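The values are calculated or read from the model by the stated rules, or taken from the named source; none is laboratory data. Being a predicted model, the structure only gives us computed values, none of them experimental. Here the Cβ positions follow ideal geometry from the backbone for every residue, glycine too, while neighbour counts run over all protein chains shown.
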Amino acid sequence: MQNMTDRQSKILAAIVEQYAEVASPVGSSLLAKAFSVSSATVRAEMAQLEEHGFIMQPHTSAGRVPTDKGYRYYVNNLHAQKPSMADRRGERALTARLAEGNVPERTIRNAVDTLVELTHNLGLATIGDQLYMSGLSNLFGQPEFMNRNQVQEVARLLDNLEPWIREAAPNEPLSVFIGRENPIGRGAGCSLIISRFRSPYSDRSYIGMLGPTRQSYRDVMTLVQHAGEALEEVLYG
């Protein structure tokens, strides 16, 4: 698909966001109501998106779910969206919580714990040579991780996460690794969103979230980026 039309882009975004919210495949009738067009029109657009690998049809459902390629397109086009009211509330909660930390380690832990409360994903941060993690039960409580093989894949990813972050040292202010893009745990069905920040421990400290590929990317990306910026400001302000 050389150029996705505006309507196709909006339909893909709606599928991503609806699937993140309800964890079940999204059907054409729901989208037809949202876009005030016929179900046949939506089905035709969905067929185009499916043909080019942006969405797929699970075996047991008439609805569609995003693929890693669909999520990547969605994430790459999020920059044009303004922060939502919920995003701004989350940012204020983070800023307030960071003010409670009286030493760098406590401040960073507070930031991770607040991200966990706001997103219900697993939160993580590098503190010196250690990886602090919180919210493991959130991760394994997601419907994607109900079977044993998937849990083993996630556990393998977690085992290798600290050395990978130390060796890879992502250089972008915000990095998003979606599903099989993950250099580790490609089969875990997870996405890793991390922000780089300066701390007394390292110029390349990281804070982020690990959650299922099905997640609210806009909200999580906004919060993780704000967490990195706020930590740097508090620790060096």
Any idea which of (1) farther than 28 Å from GLU45 by Cβ; (2) surrounded by fewer than 20 Cβ atoms within 10 Å (Cβ to Cβ); (3) of a type outside the set (Lys, Arg) is the one LEU78 doesn't satisfy? (1)
Tell me which residues, restricted to region 51-79, are out of contact with any strand residue (DSSP E or B) (no Cβ under 7 Å at 6 or more places or on another chain) and farther than 16 Å from GLN8 by Cβ. HIS59, THR60, SER61, ALA62, LEU78, HIS79
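Every residue, every condition in (1) surrounded by 13 or more Cβ atoms within 10 Å (Cβ to Cβ); (2) among the acidic types (Asp, Glu); (3) under 23 Å from the mean Cα position of the chain (by Cα); (4) in a helix (DSSP H, G or I), yes or no:
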{"position": "ALA20", "(1), (2), (3), (4)": "yes, no, yes, yes"}
{"position": "MET46", "(1), (2), (3), (4)": "yes, no, no, yes"}
{"position": "PRO58", "(1), (2), (3), (4)": "no, no, yes, no"}
{"position": "ALA62", "(1), (2), (3), (4)": "no, no, no, no"}
{"position": "VAL65", "(1), (2), (3), (4)": "yes, no, yes, no"}
Selected residue [buried (at least 17 other Cβ atoms within 10 Å of the Cβ) and either of a type in the set (Gly, Ala, Ser) or under 15 Å from GLY128 (Cα atoms) (or both)] from ALA230, ALA168: ALA230
If we keep just the residues of region 135-153 that are surrounded by 11 or more Cβ atoms within 10 Å (Cβ to Cβ) and of a type in the set (S, T, N, Q), which is nearest to GLY123 (Cα to Cα)? ASN138
In the list ARG180, ARG218, ARG196, ARG156, which residue meets the criterion of being buried (at least 18 other Cβ atoms within 10 Å of the Cβ), in a helix (DSSP H, G or I) and either modelled with pLDDT of 95 or more or among the charged types (D, E, K, R) (or both)? ARG218
Residue check, GLY123 against (1) without any contact (Cβ under 8 Å) to a residue 40 or more places away in the chain; (2) part of a strand (DSSP E or B); (3) closer than 30 Å to PRO58 by Cα, all met but one. Which one? (1)
